[in-house]
Amino acid sequence: QRRKEMAVKLNVNVGTIGHVDHGKTTLTSALTQIQAARLGGQALSFDQIDKAPEEKARGITINTSHVEYESETRTYAHIDCPGHADYVKNMITGASQMDGAILLIDGTEGAAKQTIEHILLARQVNVANMVVFVNKMDMLSDVERVEMAELIELETGALLEAQGYENTPFIFGSALQALEAALRGDLDAPEMACIKELVDAMDRHFPDPVRDYDSPFMMPIEGVHTIPGRGTVVSGRVERGVIKVGQPVEVIGLSNDGAELIVTGTQAFRKDVPEAKAGMNVGLLLRGLKRDEVQRGQILSAPGVIQPYQKGRAEIFVLTAEEGGRHTAFSTGYSPQFFFGVTDITGVIDVSEGMPVLPGSQAKVGFVLHKPVGIEKGVRFALREGGKTVGAGIVTEVAT
Ligand code: GDP
Ligand code: MG
């Protein structure tokens, strides 16, 4: 019975963000304990979550814990990172994309340095929505509680609005007390109310993830195959839009010469389908395309939609020497390889709006590529030098 219900619930990707020690892991544990007791699923202790396993994304090591819990209507896949550096890496590499973030704030302190950085970064990497959990309210007297609640809602609300996060719900409570009540098995304890309010706020404020069927067709190419006698098939997951047999497309990338191609077959699960839509994994048979004219990492799109760009701005982070990165800082003129998918191109970095970029730091930079490439805002890349990964980035602006 339980399994059946889970199968039909919609999954939403979320995670805890915020300053170190404000209670992200405690809240994550409380969420799994309480939702598991109410609705089933796996309850995880603080230690199980805090021992985050290592993951690899674009050759970069990140520590993240993936946990799952349910609400009445959804399953939440939730990530919690042990440290600030892991958040930055996770967000910039897109190792786990969040549909919504739970921003933790220590109610005795208010927004701190990393709180602000995480809000800015969330905006840069297109996290669409936030809810705020103001934690550690158990440490305040009744009078202080009212004062701090007002102050934090005002200050942090303004910070969030400045980044386009409108009408963000604020929940006040104590993750630690809720967790302790859950571990006692006291599901009706008043300390639990904040977790219920939080889950309700997530259900209401984070919209269902939607597939974009209305924008022009776009698909990153993951594979290229030849069907003897029929032609070249490119495969991948449709990111936006819908495409049908007979419609024109183009390949964007290094060797793009603007030639128009016609879709002559659309397949999913090795069967012909009437159309390829956003979210589907498909193979598209293309007339007029030779096997060696296309490669993994290029983009297939409706003609004229994605322009090749040569310049832009990006949010990057640079690995430390211990992580296999550079030993020294770099300044304007630094010229690494940029890897967009498998498109590998030299570029020049411009840090003239900031300080030289130190290993282990995060920066906003400009860049100019050696040749135009089919990139757009939100595209992620790895930075490489002498055959090793030295950092990663996400494009925040493009220009020709
Ligand atoms: P993180 O670094 O954001 O993951 O924070 P943790 O969850 O590790 O919590 C940091 C410290 O704050 C730990 O000692 C927790 O026990 C404590 N803590 C977390 N939530 C609360 C709370 O609601 N009230 C109190 N008094 N302490 C809390
Ligand atoms: Mg933690």
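Suppose we filter segment 119-150 for residues that are of a type outside the set (Gly, Ala, Ser) and closer than 16 Å to PHE170 by Cβ; how many remain? Full working, then the answer.
Our first condition is that a residue be of a type outside the set (Gly, Ala, Ser); within segment 119-150, this holds for 119-121, 123-127, 129-140, 142-148, 150.
Add one more test, that the residue is closer than 16 Å to PHE170 by Cβ, and what stays is 119, 129-137, 140, 145-148, 150.
Residues flagged as of a type outside the set (Gly, Ala, Ser) and closer than 16 Å to PHE170 by Cβ within segment 119-150 amount to 16.
Quick grid of which residues meet (1) out of contact with any strand residue (DSSP E or B) (no Cβ under 9 Å at 6 or more places or on another chain); (2) more than 13 Å from ligand 1 (Cβ to nearest atom):
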| residue | (1), (2) |
| --- | --- |
| LEU27 | no, no |
| ALA30 | yes, no |
| ALA37 | yes, yes |
| GLY41 | no, yes |
| ARG58 | no, yes |
| HIS66 | no, yes |
| GLY83 | no, no |
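Does GLY297 satisfy being without any contact (Cβ under 8 Å) to a residue 12 or more places away in the chain and at positive phi?
Working: without any contact (Cβ under 8 Å) to a residue 12 or more places away in the chain: no; at positive phi: yes.
No; evaluated as a whole, the condition is false for this residue.
Those residues that are over 19 Å from THR320 (Cβ atoms), among the small types (Gly, Ala, Ser) and either crowded, with 17+ Cβ neighbours inside 10 Å or under 17 Å from the mean Cα position of the chain (by Cα) (or both), I need them from segment 349-400; list them, please.
Across segment 349-400, the qualifying residues are GLY366, GLY374, GLY378.
Can you find even one residue in segment 281-292 that is more than 26 Å from ALA382 (Cα to Cα), without any contact (Cβ under 8 Å) to a residue 12 or more places away in the chain and not polar (S, T, N, Q)?
No, the conditions are met nowhere in segment 281-292.
(1) of a type outside the set (Ser, Thr, Tyr); (2) within 16 Å of ligand 1 (Cβ to nearest atom); (3) closer than 22 Å to ASP106 by Cβ: which one isn't true of ARG184, the others all being true?
(3)
Tell me yes or no: at least one residue of segment 30-52 is surrounded by 15 or more Cβ atoms within 10 Å (Cβ to Cβ), within 15 Å of the chain's Cα centre (by Cα) and in contact (Cβ under 8 Å) with a residue 24 or more places away in the chain.
Looking through segment 30-52, none of the residues is surrounded by 15 or more Cβ atoms within 10 Å (Cβ to Cβ), within 15 Å of the chain's Cα centre (by Cα) and in contact (Cβ under 8 Å) with a residue 24 or more places away in the chain.
Among the numbered criteria (1) over 28 Å from MET139 (Cα atoms); (2) within 16 Å of ligand 2 (Cβ to nearest atom); (3) β-branched (Val, Ile, Thr); (4) more than 18 Å from the chain's Cα centre (by Cα), which one does THR64 miss?
(4)
In segment 81-100, what count of residues is obtained for those that are more than 10 Å from ligand 2 (Cβ to nearest atom), crowded, with 23+ Cβ neighbours inside 10 Å and not in a helix (DSSP H, G or I)?
Number satisfying all stated conditions: 1.
Hey, which of the strands (runs of 3 or more DSSP E) in segment 150-263, taking only ones fully inside, have at least 1 residues that are over 21 Å from the mean Cα position of the chain (by Cα)?
On the way: elements: 170-172, 218-220, 223-227, 231-237, 242-244, 248-252.
Hits in segment 150-263: 170-172, 223-227, 231-237, 242-244, 248-252.
Return yes or no: is SER71 touching a Leu at 6+ places or on another chain (Cβ under 9 Å), within 19 Å of ILE171 (Cα to Cα) and more than 16 Å from ligand 2 (Cβ to nearest atom)?
Values: touching a Leu at 6+ places or on another chain (Cβ under 9 Å): yes; within 19 Å of ILE171 (Cα to Cα): yes; more than 16 Å from ligand 2 (Cβ to nearest atom): yes.
Yes, satisfied.
Within segment 269-304, track down each residue that is of a type in the set (A, V, I, L, M), over 15 Å from ILE221 (Cβ atoms) and surrounded by 18 or more Cβ atoms within 10 Å (Cβ to Cβ). It would help to see each step written out before you state the result.
Initially, segment 269-304 is screened for residues of a type in the set (A, V, I, L, M), giving 273, 276, 278, 280, 282, 284-286, 289, 294, 299-300, 302.
Narrowing the set further to residues that are over 15 Å from ILE221 (Cβ atoms) leaves 273, 278.
Listed by number, the list holds a single entry, ALA278.
When residues of segment 318-349 are filtered for being of a type in the set (A, V, I, L, M) and assigned to a loop (DSSP other than H, G, I, E, B), how many remain? Spell out how you get there, then give the answer.
Step one: filter segment 318-349 for residues of a type in the set (A, V, I, L, M), giving 318-319, 321, 329, 342, 345, 348-349.
With assigned to a loop (DSSP other than H, G, I, E, B) added as a condition, the list becomes 319, 321, 329, 342.
Of the residues in segment 318-349, 4 are of a type in the set (A, V, I, L, M) and assigned to a loop (DSSP other than H, G, I, E, B).
Need the failing condition index for ASP142 against (1) over 29 Å from SER71 (Cβ atoms); (2) within 16 Å of ligand 2 (Cβ to nearest atom), just the number.
Result: ASP142 fails condition (2) only.
Just so you know, all these numbers are worked out from the coordinates, no wet-lab data involved. From a predicted model like this one, the values you see are computed outputs, not experimental measurements. In this analysis, Cβ positions are derived from the backbone assuming ideal geometry, glycine residues included, and neighbour counts consider all displayed protein chains.
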